[in-house]
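Novice: Structure provided below as structure tokens; questions to follow.
The values are calculated or read from the model by the stated rules, or taken from the named source; none is laboratory data. These figures come from a predicted structure and were not determined experimentally. Positions of Cβ are generated from backbone atoms using ideal geometry, with glycine treated the same way; all protein chains shown enter the neighbour counts.
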């Protein structure tokens, strides 16, 4: 996928995240549950794609990314299981604790997304500089 296509996709995903945050503020639970189910399927598909690319391409960065994806997916599954269990138990304290855990996890992932977005921008700039240097060397040498 071309870099410009990836950036457009990232912008669209950011808009979806803003919509989810707005729904959370409005406490539109049904809409949130539908979005969560849609995102769950999408994230599973993306995680599988990353794993497939790692197997095909190898490399440290891809391996790191696959490991990171696995850890995020594992944590997400743990939280989901806790929330499902809490739903069955109907215990207020556990529900509050699970909600706190889920909010902390969401906050941490938003922070990670900000960091990864900055890292991606840095990589794009670094790649452009490297390409410019390579082009300059090719024309002078």
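Novice: Determine whether the stretch 21-31 contains at least one residue that is without any contact (Cβ under 8 Å) to a residue 60 or more places away in the chain, more than 16 Å from residue 110 (Cβ to Cβ), surrounded by 12 or more Cβ atoms within 10 Å (Cβ to Cβ) and in contact with a helix residue (DSSP H, G or I) (Cβ under 8 Å, 6 or more places away or on another chain). Spell out the reasoning first.
Specialist: Initial filter on the stretch 21-31 (without any contact (Cβ under 8 Å) to a residue 60 or more places away in the chain): 21-31.
When the remaining residues are screened for being more than 16 Å from residue 110 (Cβ to Cβ), the result is 26-31.
Filter again for surrounded by 12 or more Cβ atoms within 10 Å (Cβ to Cβ), leaving 28, 31.
If we keep only those that are in contact with a helix residue (DSSP H, G or I) (Cβ under 8 Å, 6 or more places away or on another chain) as well, we get 31.
Yes, the stretch 21-31 has at least one match.
Novice: Here's another thing I want to ask about it. What tally of residues in the stretch 1-12 results from selecting those that are out of contact with any helix residue (DSSP H, G or I) (no Cβ under 9 Å at 6 or more places or on another chain) and under 20 Å from residue 110 (Cβ atoms)?
Specialist: Applying the first criterion (out of contact with any helix residue (DSSP H, G or I) (no Cβ under 9 Å at 6 or more places or on another chain)) to the stretch 1-12 yields 2, 4-5, 8-9, 11-12.
Imposing the further condition that a residue be under 20 Å from residue 110 (Cβ atoms) reduces the set to 9, 11-12.
So the answer is 3.
Novice: Looking at 102, 114 in this structure, which one is within 21 Å of the chain's Cα centre (by Cα), in a helix (DSSP H, G or I) and modelled with pLDDT of 85 or more?
Specialist: Values: 114 fails: modelled with pLDDT of 85 or more.
The conditions single out 102.
Novice: If you don't mind, another one. At least 3 residues that are out of contact with any strand residue (DSSP E or B) (no Cβ under 9 Å at 6 or more places or on another chain), at pLDDT 75 or above and within 21 Å of residue 123 (Cα to Cα) in each: list the helices (runs of 4 or more DSSP H) lying fully within the stretch 1-95 that qualify.
Specialist: Numbers: elements: 3-26, 29-57, 60-89.
By residue number, 3-26, 60-89.
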